[in-house]
1. Tell me whether region A:173-192 contains one or more residues that are among the aromatic types (F, W, Y) and under 27 Å from the mean Cα position of the chain (by Cα).
2. Identify all residues within region B:102-128 that are at pLDDT below 90 and among the aromatic types (F, W, Y); write none if there are none.
3. List, please: which pairs have Cβ atoms under 8 Å, are six or more places apart or on different chains, and start with a residue in region B:54-77 that is among the aliphatic types (A, V, I, L, M) and surrounded by fewer than 19 Cβ atoms within 10 Å (Cβ to Cβ) and end with one that is at pLDDT 90 or above and not in a loop (DSSP other than H, G, I, E, B)?
4. Looking at region A:180-230 only, could you name the residues that are facing chain B (nearest Cβ under 10 Å), polar (S, T, N, Q) and over 28 Å from A:L470 (Cα atoms)?
5. So if I check each of B:T161, B:T132, which one is of a type in the set (S, T, N, Q), crowded, with 20+ Cβ neighbours inside 10 Å and more than 26 Å from B:W310 (Cα to Cα)?
6. Among the candidates B:G85, B:G57, B:G26, B:G40, which residue alone is within 12 Å of chain A (Cβ to nearest Cβ), among the small types (G, A, S) and out of contact with any Lys or Arg (no Cβ under 8 Å at 6 or more places or on another chain)?
Amino acid sequence: MMFTTIEFFIFLVIVILLIELIRKRLWQQIILLIASYYFYWCSGSIHILLLIFVTLASYLCGWKIWKSETLKRKRIWLAVGTIIPLAVLAYFKYIDFGITQINNVLGFFSPGASIPLLEVLLPVGVSFFTFQALSYVFDIYLGKIEHEEKFYRYALFIAFFPALVAGPIVRASEFLPQLKSKICITGANLQAGVTLIIWGLFKKMVIADNIGGYVDIIYANPAEYQSLYVIAATILFGIQIYCDFSGYANIAIGVGRIFGFKIPENFDMPYFTRNIQIFWRKWHMTLSRFIRDYVYIPLGGNRKGHLRTYVNLFASMVICGFWHGAAWTFIIWGAYHGIMLLLHRYFVGERKWGVGIKFLDSNPAVFVKVLITQALVFFGWMIFRANSMGDLMICIQKIVFFDFDFSSPITKLAVIGGIALVLLCFVLSFNKKIVELVKKIISFDYMGFFSSQKVRYWVIYIVVFVALILLLAPPETPEFIYFAF
Amino acid sequence: MSRTDDILDKTKRKEPEAKKWKVIVGITLSLILCTSIYFGILYFSEPIIDDYLENSGGYPSLIYRAYNVYENESADYSNSIFLFGSSLVNAGIRPDKISSELSQHGYDNLTIYNLHISMDTPLLRSLEIQKTIESSPKMVIYGVTYRDVVDTTMHSDERFTLVHDKLEISEDALFLYNQKELELINTEPPADYSKKYLLSALEWAVKKQFTPKTLANASSNTTSPPPVELDIDELEFNADGARSIVWHPEISNERTRYMEALLYNVRTLEDAGIDVVLINMPLTPALSNKISNETRQNFFDLLNDTGANWYDFERAYGYEFFSDLVHASSYGSDLFAPVVADIIIQEMI
């Protein structure tokens, strides 16, 4: 059941009505749990058993860690609680990728020899709910949270339907305390939630889905297009993935908000960041902090010397890339960002390049920094989007060896227009008042603005955006990109 | 303070919390309102969308054009030749040029219908075979190439959905389609499917309004153009990098549903008494070099198995024939027209 379907909204209205009718906290939470399982059943059918298994296993391990009196026993249960979700993830997500790699090696030594693929179907949201389960086990071990006494509450934390299939990755310490009070659907929460849902639907169905069609055509066969088209498709894909994923997050947060739950933000204007380190603090924030807290820091973080810090950083980003999908392009994408972070840390963090030079903090310099950072990020999107390693090589060739045909007026217009726009922005960046205004416009809380309006004005927002969604969304809405992860 | 600053600072002035019933009423009313706006716009823009679908010359109109020919009950196609195939056929086999060649040989009574559809494959064309039989043309010239019988995953839902109410598929063809395609065949498209074309239709309507007629007719120039100067290095680079399944197709001797579709199309038409002539379309040397001998042989075997007469022009021309990596130029189609005309005459004798 996708957020973009009418079935989902009927489902949501029924759940809201039930929660409104049942005033008892226990039953409200049970209704939400049943609704979440039903939602998952509609999305992933038989894989619901997997969700229940991961929930039971991680709950049991968390309880055992909590009860264990010796560190050794705690560690044993931590290992069990880590291995089970990871094994589930490894089997369902990576097994066929692993077999393919083995077959490649086997084929090198003895042509014709191969292990048949298992063709395992990827359960929807497996990367997200296994990570939530892991965070619970880790947090109990680290003493950050207590064991949740009520199993149904823990099960609701893992299966809460708005964030179940594509995040944001919520931590037990953020969600479980919210279950201590009764669910009360207020007018303000309803207004804020609906505002976010509509904005998320607009981003997904109008922006991302319409852009996606063009991106798909070019990335289906990049060799047949000039460099400019490949670059344009890459930029469009950057916009598509942002609108798709942040649109999903908006809907998830909005639905949570209707029930009074606060689900953490996943994006904070990542395409306006001035270096790659800040980018990762603002892109898929809940995954970034998961990787930081449960991969980078346990590996030793920056506490074990320079070399080890770099290794840890790189390894964390490769894992982050691999988490996105079982393909070499994702691993390379992760490694690429790892190298970027590593270089940033070395030159800016350690060698202090540019630190203390006042000009580099001026607005024009910041503008250039943002441009360079985003150029690197968008190059990364090309790696991420390429359908295969072969296609990736073609795309890189296209960008390294430009094959612009400047005889075409469209190419001329695009190149000259693009350069003129960048130059204009650069010149304008010298004017402090303009920069301040742009910053204000960019960082303005539009959702807060719309949701705090009187209802009679607020309906204008709904009418305009819903009408735009109905008119401009393609007839068939593709799945959210992150459903595949 | 500027106006923008004033608007942006409004969030600081918190409005009192809205009452729940007011929010619910607001949501309900606004949903009713925007749904009415939506259907109102769709209703009033329907003629523009229909005009776009039928006459724009884009992909949907190619599909419509084919069905308009099939469904023209007053037409007699007994002296007609239908051209089937993809954009390769559209670029390489030009009905106007072939007609004038045929006229020179005394075949004035033949009419050629260009029923090419971009990205056509035998699997998609199989949807139209019953319609073609009902039209009973004298002959079908069917331009094919290697990639037509491999899974290029460039399937078009529009071939199923746009003409859903006109589809006529015989029971014995159903084995060709996969689950998704069968669903498309058996399920009514959504009522608001045409909204997909709303923006394109509006854009087209505006363009049509503002395009001077002299400009619109400028393309109907009949003088023979020179060959296009191509950057061969770039073409070869692109051919090297092109997605393997499309331009480096590998065809084995094992029958796939794509190959079965070609067999089905040709055999069914011939069984119905319609002559079919297959033409293995010219390819640029850059692409032709990517075809292995094994693939070529298997493809030829497939063409033989159709039982129809076929002609191989894959390597008949050099780069001067083409306007890009895959399509013939106007100069190329001029070269090809007498050849195709000769084939038609030979087949009719």
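The values are calculated or read from the model by the stated rules, or taken from the named source; none is laboratory data. All of these numbers come straight from a predicted model, not from anything done at the bench. Don't worry about glycine lacking a Cβ; one is built from the backbone with ideal geometry, like all the others, and counts go over all protein chains shown.
1. Within region A:173-192, the first condition is being among the aromatic types (F, W, Y), and the residues that meet it are A:175.
Filter again for under 27 Å from the mean Cα position of the chain (by Cα), leaving A:175.
Scanning region A:173-192 turns up at least one residue that is among the aromatic types (F, W, Y) and under 27 Å from the mean Cα position of the chain (by Cα).
2. Correct list: B:Y107 only.
3. Once the first residue is among the aliphatic types (A, V, I, L, M) and surrounded by fewer than 19 Cβ atoms within 10 Å (Cβ to Cβ) and sits in region B:54-77, its partners that are at pLDDT 90 or above and not in a loop (DSSP other than H, G, I, E, B) give B:A75/B:V69; B:A75/B:S135.
4. Answer for region A:180-230, where residues must be facing chain B (nearest Cβ under 10 Å), polar (S, T, N, Q) and over 28 Å from A:L470 (Cα atoms): A:N221, A:Q226.
5. Just one listed residue meets the conditions, B:T161.
6. Values: B:G85 fails: within 12 Å of chain A (Cβ to nearest Cβ); B:G57 fails: within 12 Å of chain A (Cβ to nearest Cβ); B:G26 fails: out of contact with any Lys or Arg (no Cβ under 8 Å at 6 or more places or on another chain).
Answer to the selection: B:G40.
Rundown of residues vs (1) hydrophobic (A, V, I, L, M, F, W, C); (2) surrounded by fewer than 23 Cβ atoms within 10 Å (Cβ to Cβ), yes/no style:
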| residue | (1), (2) |
| --- | --- |
| A:A172 | yes, no |
| A:K204 | no, no |
| A:I211 | yes, yes |
| A:N221 | no, yes |
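To keep it simple, each residue is scored yes or no on (1) at pLDDT 90 or above; (2) within 18 Å of the chain's Cα centre (by Cα); (3) within 19 Å of B:I129 (Cα to Cα).
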| residue | (1), (2), (3) |
| --- | --- |
| B:N55 | no, yes, no |
| B:N68 | yes, yes, yes |
| B:S74 | no, no, no |
| B:S80 | yes, no, yes |
| B:F84 | yes, yes, yes |
| B:I93 | yes, yes, no |
